[in-house]
1. Taking every DSSP beta bridge that has both residues in the stretch 222-342, what percent is antiparallel when rounded to the nearest 5?
2. Between G308, N336, P318, whose Cα lies farthest towards the positive end of the dipole of the stretch 295-361 when Lys and Arg beta carbons carry +1 and Asp and Glu beta carbons carry -1, centred on the Cα centre?
3. Using Cβ contacts closer than 10 Å as the measure, can you line up E332, E196, E325, E189 from fewest to most?
4. Where in the stretch 238-282 does the amide nitrogen come within less than 20 Å of the point 7 Å from the Cα of D185, taken along Cα to Cβ?
5. Using a/c under 1.5 as the rounded threshold, could you call the stretch 222-342 rounded, prolate or oblate? The axes a ≥ b ≥ c are square roots of the C-alpha gyration tensor eigenvalues, and prolate needs a/b larger than b/c, oblate otherwise.
6. Quick one: of the DSSP bridges fully inside the chain, what percent are antiparallel, nearest 5?
7. Which GluC sites (Glu not before Pro) in the stretch 225-322 sit in a loop by DSSP (not H, G, I, E or B) and have at most 15 other Cβ atoms within 10 Å of their own Cβ?
8. For the peptides 113-122, 137-146, what is the packing order when you average, over each peptide's residues, the other Cβ atoms within 10 Å and list the highest mean first?
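Nothing in this text is a laboratory measurement; each read-out follows from the coordinates by a stated rule. Remember, predicted model here, so these are calculated numbers, not experimental data. As a convention, Cβ positions derive from the backbone with ideal geometry for all residues, glycine included, and neighbour counts pool all protein chains shown.
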Amino acid sequence: MEPSKGSGRAAFPGQGGGNIRLAALKDALEGGGHLLILTHDNPDPDALASAYALLRLVEAIDGISTRIGFGGYVGRAENRTMVRELALPITPTRAVSFDDVDLIALVDTQPETGNNSLPDGRNATVVLDHHPLRQETKRAKYYDVRDDCGSTCTILTQYLQAAGVPLEGVLATALFYGIQSETQDLGREAQQSDIEASLALYPGADRALISRIRYPDLPPAYFRSLHRSLERARTRGPVVVSYLGMLDYPDLVAELADFYLRLQGGQWSFCIGQFQDDLLISIRTSLPEASAGLLLRRVVGRDGTAGGHGMMAGARIPVGELSAEDIRLKSEELVNRFIKELGVQDESGWGLLDVPPGTSR
């Protein structure tokens, strides 16, 4: 088996592929002096834990200076609690000088996706991700992109195992929570590799700490946003759509898209809101073979960037030059495109908090 730079697959370390890929990763980093690990903007637990795991891996296999950078915000309460409780060493990219780094690694994201802070004109040295492979990623010196894994944390766990790094303490806790969060406790897009990684991490993870991360204190702004969102949510057949308006933090769209998918009889959720100069969209589905990422890319078209998995996806549409009325119209247009893509434009719908016709309270 050749050290792959893009087959998109790797055997589990116990099957012999991990050592080969580890050697290829070491070769890609050889000769470098300063490595910057970039997550996607507004990083979630999978991205945060994967970045930390790569930092620890590089410490174990190479002596180069390494730091973690992220664009955007860590907004969701669970994610802020994770960073605080685990003391994850992350730095906003606004405080990073890219001229001082000669190696850049992307984790849980890929080049030219519109959701990371890789500077224009810079190629990533390393890309580790579990989203569908993009052509731009093939310019990286080394990439390991496996969309047959439910979490990037699973990929990093395999590298750590191959390197003999102990899976314990903060490292195990971060990776275990990252997998559970990304796959909703192994119930969403989880594969056998995610199960095996979770089993390897669980003994060394701090379960009490994970509970504190999973159930953090929530600020009043969260409940105000939830109230506003519920008032605006509407159904259309098996779809729930909610206009969130101005967002207190960008990953609220994903948080509420997960929430609305729990509606009895619902198969899709679509949340859209504005953060600074962008419209942000998150969609979720309970249909395993739905290709949500491809669907959302069709919906967004040339208006912005989009991507995702089979059951979840997100998009960003720049609207900084538009008036408030034009932004409202663009939001409605995007919702209508989504409804049309699903073929439910002729199905009945109502406000989520209203009593549906023909039912009683």
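1. 75
2. G308
3. Lowest count first: E325, E332, E196, E189.
4. Counting only backbone N, you get 255-266.
5. Taking the square roots of the gyration eigenvalues as a ≥ b ≥ c, the stretch 222-342 is oblate.
6. Close to 50 percent.
7. Those satisfying the criteria are E289, E321.
8. 137-146, 113-122
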